[in-house]
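What follows is a short report on a single structure.
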Amino acid sequence: MSRQTPVYYYSSASGVVRSFAERLGRPVFNLAERDVRHTEVDGPWVLLTPSYKTGNDRNDTIPEGVRRFLRSPVNRRRMVGVMGSGNRNFGRYYQMAARQIAEQSRRPVLFEFEIAGTPWDVQECARILAELDAALEADGHAPAA
Ligand SMILES: Cc1cc2nc3c(=O)[nH]c(=O)nc-3n(C[C@H](O)[C@H](O)[C@H](O)COP(=O)(O)O)c2cc1C
């Protein structure tokens, strides 16, 4: 079996994104936890972030836990893709955090869903990640354990 690319996600107290992440059937880590956001990854990984418009001047929507984790050059280099949870009611800010990070890091947006996601979203996201695992293994980035 190929290595399962871990997903590092941020989820607020509501835990909506955490619940989605935990249904993916692979290693997932919550960047809201201090111990997690102070680690460095040991291989390719994927980010899953909600967007949070705070109303500050810079229209920042990237959660602080995500920002901190991405301060590590090792983590930035090994990030292979970005996924987002958002809410279309936020209009032009929809998925802004995931899209901004993808653009700045020149990594693809692999999947986007609204709020908690549907069972189909979970299934589709799991499928995309399994394809990614296989592609990384074929590339020699992640030899079978
Ligand atoms: C205060 C607040 C601001 C938000 N801002 C945005 C936004 O700018 N863009 C967006 O797509 N979604 C926005 N959302 C929606 C959240 O990203 C979405 O509900 C997400 O699922 C929250 O996940 P969590 O509850 O696990 O942290 C916002 C939600 C809240 C409560």
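A short reminder: the numbers here are calculations on the coordinates, not readings from a lab. All figures in this text were calculated on a predicted structure; none of them were measured in a lab. Neighbour counts run over all protein chains shown; Cβ positions are idealised from the backbone, glycine included.
Which net charge results for the neighbourhood of SER2, defined as the other residues with beta-carbon distances under 13 angstrom from its beta-carbon, given Lys and Arg at +1 and Asp and Glu at -1? Summing Lys/Arg as +1 and Asp/Glu as -1 gives -2. Axis angle, to the nearest 10 degrees, between helix 96-105 and the longest C-alpha principal axis of the chain: 50 degrees.
Taking VAL16, VAL28, VAL80 in turn, the Gaussian network model of the chain (Cα-Cα springs below 10 Å) assigns the largest fluctuation to VAL16. Taking Cβ atoms as reference points and 11 Å as the exclusive limit, the residues near ASN75 contribute a net charge of +4, counting Lys and Arg as +1 and Asp and Glu as -1.
So if a site counts as exposed when it's one of the trypsin sites (Lys or Arg not before Pro), its DSSP state isn't H, G, I, E or B, and it has at most 10 other Cβ atoms within 10 Å, what's the longest stretch of the chain without one? My reading of the result: 1-57 is the longest stretch.
Extension gain ARG68-ARG26, at 0.36 nm per residue separation less the Cα-Cα distance, in nm? Before the final figure, lay out each step's value.
Working: separation 42, 0.36 × 42 = 15.12 nm, distance 2.31 nm.
Going from the current span to full extension adds 12.8 nm.
Near GLU124: Cβ cut-off under 14 Å, other residues only, Lys/Arg at +1 and Asp/Glu at -1. The net charge is -2. Binning all Cα-Cα separations of the chain at 5 Å, short to long from zero, yields these whole-percent fractions: 2, 10, 21, 24, 22, 14, 5, 2, 1, 0. Compared with the dominant principal axis of the Cα atoms in the chain, helix 119-138 is inclined by about 50°.
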